[in-house]
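The values are calculated or read from the model by the stated rules, or taken from the named source; none is laboratory data. Computed from a predicted structure; not experimentally measured. Using ideal geometry, Cβ is built from the backbone for each residue, glycine included, and neighbour counts are taken over all protein chains shown.
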Amino acid sequence: MPKGEFILPVQEDETASVLWALGHHYRRNRDIEFIDSLYPTLVEPAAEFLVSYRDPKTKLPLPSWDLWEERQGIFTYTAASTYAGLLAAADLGTLFGDPAAARWRRAAREVREAALKHFYDAKLGRFLRGVYVTPEGFSPDYTLDSSLFGVVLFGLLPATDPRVVETMKLVRDRLWVQTAVGGIARYTNDHYFKKSDDIERVPGNPWIICTMWLARWYTAKAETADELKVALSILEWARTHAMPGGHLPEQLHPYSGQPLSVAPLTWSHAEVISAVLELVAKVAELGVTVSLPEEDAGHGDYSVPPCR
């Protein structure tokens, strides 16, 4: 982006996530009157925007700001949310007999195919954070980013897909903060509220949100009680790092564990709630019971991921 150039502050994942959330709300509550009240003023224009805000050749979304609101490009998380948003809009449109639903569904499939083609690097064995548009084409961003969980969150691929498994294992192994505090950093060499230059051990400050994404992945792919214990141990990590009133901050100091930046943060709380609800549902689905040994509950040293 040339210096001094004016651009729209579009963060496409936010538009897409609203449609995805509305679709989830309807599936859960069957509140068609609520959806009907929003359909012409929100669902239709948002879906049409997602369809139109794409490159006609690649079918990927056009560049926008990433979920962290730090850089402009085309990102795996954004594309995954766009796919899910269009699919949700298509499902809602079908309820109302909207002929546009078929077009939205087709666009969702195109975005998914394009995302898997352009964002998965077979040589690396994992997904890219995204790409940047240059005069020569796409310039890949190889930064390992915890938001690659978006591939699972938005249903681009199942949690057990080998491409997802290898990506999330790398997130776990390389973004886990190797101090007694532990937790997952946003991405490699995160400068926001940076507290350490030891990138190998502290790739960034641990975030509640990103750490819960790891727990949610373990829950999503679990087939046994032992696998669910891993997710539970990560939830225990969040409990041990809550503030005295039970509040959760955005991030933690990597050495002291003290809250950094916003505290409390609604998003942190929402991710913990989602992780708990998904774990409870999976326990019921598998028909198992899950608990941690007393000596493992609330232990003080998280320098090694509890999931290794």
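Out of Pro63, Pro45, report the one residue that is closer than 28 Å to Cys210 by Cα and either modelled with pLDDT under 95 or more than 17 Å from the chain's Cα centre (by Cα) (or both). First the steps, then the outcome.
On the way: Pro45 fails: closer than 28 Å to Cys210 by Cα.
Only one candidate passes the filter, namely Pro63.
Scan the stretch 269-302 for residues that are in contact with a helix residue (DSSP H, G or I) (Cβ under 7 Å, 6 or more places away or on another chain), within 16 Å of His241 (Cβ to Cβ) and modelled with pLDDT of 95 or more and report the count.
Selection size over the stretch 269-302: 4.
Please list, ordered by residue number, the helices (runs of 4 or more DSSP H) wholly in the stretch 1-86 having 2 or more residues that are β-branched (Val, Ile, Thr) and touching a helix residue (DSSP H, G or I) at 6+ places or on another chain (Cβ under 8 Å). Step through it out loud before you land on a result.
Details: elements: 12-29, 32-38, 44-52.
Result: 12-29, 32-38.
Answer with yes or no whether Gly73 is touching a strand residue (DSSP E or B) at 6+ places or on another chain (Cβ under 9 Å) and among the small types (Gly, Ala, Ser). Walk me through how you get there before you give the answer.
On the way: touching a strand residue (DSSP E or B) at 6+ places or on another chain (Cβ under 9 Å): yes; among the small types (Gly, Ala, Ser): yes.
So Gly73 passes the test.
Can you find even one residue in the stretch 192-200 that is among the small types (Gly, Ala, Ser), more than 28 Å from Gly287 (Cα to Cα) and not in a loop (DSSP other than H, G, I, E, B)?
Applying the first criterion (among the small types (Gly, Ala, Ser)) to the stretch 192-200 yields 196.
Filter once more, so that each one left must be more than 28 Å from Gly287 (Cα to Cα): 196.
Filter again for not in a loop (DSSP other than H, G, I, E, B), leaving none.
There is no residue in the stretch 192-200 that is among the small types (Gly, Ala, Ser), more than 28 Å from Gly287 (Cα to Cα) and not in a loop (DSSP other than H, G, I, E, B).
Write out, first by first residue and then by second, each pair whose Cβ atoms fall under 7 Å of each other, whose residues are 6+ apart or on separate chains, and whose first residue, in the stretch 200-229, is farther than 16 Å from Leu170 by Cα while the second is of a type in the set (Phe, Trp, Tyr) and surrounded by fewer than 21 Cβ atoms within 10 Å (Cβ to Cβ).
If the second residue must be of a type in the set (Phe, Trp, Tyr) and surrounded by fewer than 21 Cβ atoms within 10 Å (Cβ to Cβ), the pairs left are Asn205/Phe193; Ile209/Trp267.
Name the residue, out of Gly245, Gly150, that is over 16 Å from the mean Cα position of the chain (by Cα) and either at pLDDT below 95 or not in a strand (DSSP E or B) (or both).
Working: Gly150 fails: over 16 Å from the mean Cα position of the chain (by Cα).
Only one candidate passes the filter, namely Gly245.
Among what's in the stretch 185-203 and is in contact with a Cys (Cβ under 9 Å, 6 or more places away or on another chain) and within 16 Å of Ser261 (Cα to Cα), pick the residue that is surrounded by the most Cβ atoms within 10 Å (Cβ to Cβ). It would help to see each step written out before you state the result.
As a first pass, look at the stretch 185-203 and keep what is in contact with a Cys (Cβ under 9 Å, 6 or more places away or on another chain): 185-187.
Now restrict to residues that are within 16 Å of Ser261 (Cα to Cα): 185-186.
Working: Ala185: 26, Arg186: 22.
My answer is Ala185.
Going by the structure shown, is Asp141 acidic (Asp, Glu), surrounded by 15 or more Cβ atoms within 10 Å (Cβ to Cβ) and within 16 Å of the chain's Cα centre (by Cα)?
No: the conditions fail for Asp141.
Might you let me know whether the stretch 205-220 holds any residue that is modelled with pLDDT of 95 or more, under 16 Å from Glu278 (Cα atoms) and either surrounded by fewer than 20 Cβ atoms within 10 Å (Cβ to Cβ) or in the same structural domain as Trp68 (by TED's automatic domain parsing) (or both)?
yes
Looking for something surrounded by fewer than 17 Cβ atoms within 10 Å (Cβ to Cβ) and over 28 Å from Tyr192 (Cα atoms) - is there at least one such residue anywhere in the stretch 83-94? Talk me through it step by step, then tell me what you get.
Our first condition is that a residue be surrounded by fewer than 17 Cβ atoms within 10 Å (Cβ to Cβ); within the stretch 83-94, this holds for 94.
Adding the requirement that they be over 28 Å from Tyr192 (Cα atoms) leaves 94.
For the stretch 83-94, residues surrounded by fewer than 17 Cβ atoms within 10 Å (Cβ to Cβ) and over 28 Å from Tyr192 (Cα atoms): present.
Here is a list of conditions, (1) without any contact (Cβ under 8 Å) to a residue 60 or more places away in the chain; (2) of a type in the set (D, E, K, R); (3) part of a helix (DSSP H, G or I), and Asp91 meets all of them except one; can you say which number that is?
The one condition Asp91 does not meet is (1).
Tally the residues that are touching a residue at least 40 places away in the same chain (Cβ under 8 Å), buried (at least 22 other Cβ atoms within 10 Å of the Cβ) and closer than 19 Å to Val51 by Cβ, restricting the search to the stretch 95-135.
Looking only at that region, the number is 5.
Is there any pair with a first residue in the stretch 256-280 that is hydroxyl-bearing (Ser, Thr, Tyr) and a second that is in a loop (DSSP other than H, G, I, E, B) whose Cβ atoms are under 7 Å apart and which are 6 or more apart or on different chains, and what are they?
Ser261/Phe193; Ser261/Pro249; Ser261/Glu250; Ser268/Leu248; Ser268/Pro249; Ser268/Glu250
Please go through (1) of a type outside the set (Val, Ile, Thr); (2) in contact with a strand residue (DSSP E or B) (Cβ under 9 Å, 6 or more places away or on another chain); (3) exposed (fewer than 15 other Cβ atoms within 10 Å of the Cβ); (4) in contact (Cβ under 8 Å) with a residue 24 or more places away in the chain for Leu148 and return the number of the only condition it doesn't satisfy.
Status for Leu148: all satisfied but (3).
For the stretch 238-261, give me each residue that is touching a Pro at 6+ places or on another chain (Cβ under 7 Å) and either crowded, with 20+ Cβ neighbours inside 10 Å or of a type in the set (Val, Ile, Thr) (or both).
Leu248, Pro249, Gln251, Leu252, Pro254, Pro259
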